[in-house]
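Asks: To start, I am sharing the structure in question, which I have written as structure tokens.
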Amino acid sequence: MKQDAKNRLDKLQRQERLKNVFRTLCAIVALLVIISGFLIYRYFPGKATKVSGVVTGLHGVPVQKRGENLYLVVTLDDGKIVEVRKPNGVSYIKSARVELIKIKTSMFGNVRYDFKTYVKEILERPTSAFSPTRFTRV
């Protein structure tokens, strides 16, 4: 009789452990599905088009610590105002014309903008009277 009760208790304990392992595995799988869904949403764009606009400002905290981002505030040609992450090594030039890549994700139709380049016509300024290129030897 004691052996039979002990066997039943052992069986119930094994079943409870299996339930706990199953719940843990389900939670891990759900977390992996959420993370992979975010990655698909973020890194697998659907349709990409080029748009252009004018830089109107800079948003963010210019601190030399890593991890802080600066955003260019751009007014697009259609009048929409967007923020674009400023890549490292790209300087801020106010009122300069920029070219952006408009990315519309295929999953939910969300839109994000990535910086491509400054447009050259605005950046080519005339040389001043004191420019070293003005005084050339013949």
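The values are calculated or read from the model by the stated rules, or taken from the named source; none is laboratory data. Small disclaimer: the values here were computed from a predicted structure and weren't measured. Here the Cβ positions follow ideal geometry from the backbone for every residue, glycine too, while neighbour counts run over all protein chains shown.
Asks: Given the conditions (1) within 19 Å of the chain's Cα centre (by Cα); (2) at pLDDT 90 or above; (3) surrounded by 11 or more Cβ atoms within 10 Å (Cβ to Cβ), which single one is not true for ILE34?
Replies: The one condition ILE34 does not meet is (3).
Asks: I would also like to ask the following. Step by step: first the residues of the range 37-74, then only those that are within 15 Å of LYS116 (Cα to Cα) and β-branched (Val, Ile, Thr), then the one that is modelled with the lowest pLDDT. Which residue is that?
Replies: Among residues in the range 37-74 that are within 15 Å of LYS116 (Cα to Cα) and β-branched (Val, Ile, Thr), the one modelled with the lowest pLDDT is THR49.
Asks: May I pose another question? Considering only the range 97-116, state which residues are at pLDDT 90 or above and either over 20 Å from HIS59 (Cβ atoms) or of a type in the set (A, V, I, L, M) (or both).
Replies: Answer for the range 97-116, where residues must be at pLDDT 90 or above and either over 20 Å from HIS59 (Cβ atoms) or of a type in the set (A, V, I, L, M) (or both): VAL98, LEU100, ILE101.
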